[in-house]
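The values are calculated or read from the model by the stated rules, or taken from the named source; none is laboratory data. Here the structure is a predicted model, which is why all the values come from computation and not from measurement. Note: ideal-geometry Cβ built from the backbone for every residue, glycine included; neighbour counts use all protein chains shown. Areas reflect the complete protein model, heavy atoms only, side chains present, ligands, DNA and RNA absent. Shrake-Rupley method; radii C 1.70, N 1.55, O 1.52, S 1.80 Å.
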Amino acid sequence: MNTRDEDAVALAAGLRLAMGRIVRRLRQAHAVGDLTLSGVSVLARLAAAGPDSPGSLAELERVRPQAMATTLAGLERRGLVSRAPDAADGRRAVVSVTAAGRSVLEERRSESVERLARALDEFTPQERAALRAAMPLLDRLADRL
């Protein structure tokens with residue numbers, strides 16, 4: 001392994017640990033019985049991209065159709081998504097986020113954003129600028145995973 005490869009591996013290990021700690025701490029801040037991470041991800045995807053089929057959602061979220069069915073059933077039971085026949089193909093279902101789902105998603109986002117903002121208050125302007133500058137790279141990294 002050459003030096004560049006070792007550097008990439010060390011950076012990858014550091015990123016994985018830091019991102020894992022951030023996600024765990026944000027997740028721990030939410031109440032017991034709150035939405036699962038996969039449920040939040042599905043709600044966010046539906047809110048951003050619009051209605052979609054369960055099969056397509058499973059593919060986009062990179063989970064098995066059975067796992068997506070379980071996630072959607074939980075969201076539907078809580079009234080956060082609704083299911084309707086596809087207008088183009090009545091055999092297929094289309095899932096949409098409900099007003100209650102949008103509200104829960106916004107509340108959760110607000111809590112997480114507020115918690116992150118409080119933590120960032122302790123950072124210097126230069127440190128915040130460095131984090132801001134890294135955002136496009138982190139987005140690009142997420143797209144490649």
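Scanning region 6-42 for residues that are more than 22 Å from LEU141 (Cα to Cα) and open to solvent by less than 50 Å² (accessible area, probe 1.4 Å) yields HIS30, LEU35, GLY39.
Quick check, is ARG102 surrounded by fewer than 14 Cβ atoms within 10 Å (Cβ to Cβ) and among the basic types (Lys, Arg)? Don't jump to the end; show me each part of the working.
Numbers: surrounded by fewer than 14 Cβ atoms within 10 Å (Cβ to Cβ): no; among the basic types (Lys, Arg): yes.
When the stated conditions are applied, ARG102 does not pass them.
Report, ordered by the first and then the second residue, all pairs with beta carbons closer than 8 Å, sequence separation of six or more or different chains, a first member in region 100-116 that is farther than 15 Å from GLY39 by Cβ, and a second member that is open to solvent by less than 100 Å² (accessible area, probe 1.4 Å) and not in a helix (DSSP H, G or I). Once the first residue is farther than 15 Å from GLY39 by Cβ and sits in region 100-116, its partners that are open to solvent by less than 100 Å² (accessible area, probe 1.4 Å) and not in a helix (DSSP H, G or I) give GLU111/ALA29; GLU111/HIS30; ARG115/ALA29.
Could you say which residue among GLY90, GLY74, GLY79 is open to solvent by less than 40 Å² (accessible area, probe 1.4 Å) and either outside any helix (DSSP H, G or I) or within 20 Å of ALA142 (Cβ to Cβ) (or both)?
Numbers: GLY90 fails: open to solvent by less than 40 Å² (accessible area, probe 1.4 Å); GLY74 fails: either outside any helix (DSSP H, G or I) or within 20 Å of ALA142 (Cβ to Cβ) (or both).
Result: GLY79 is the single residue among GLY90, GLY74, GLY79 that is open to solvent by less than 40 Å² (accessible area, probe 1.4 Å) and either outside any helix (DSSP H, G or I) or within 20 Å of ALA142 (Cβ to Cβ) (or both).
Here VAL63 meets the list (1) in a helix (DSSP H, G or I); (2) at pLDDT 90 or above; (3) within 22 Å of SER41 (Cβ to Cβ) almost entirely, failing just condition (1).
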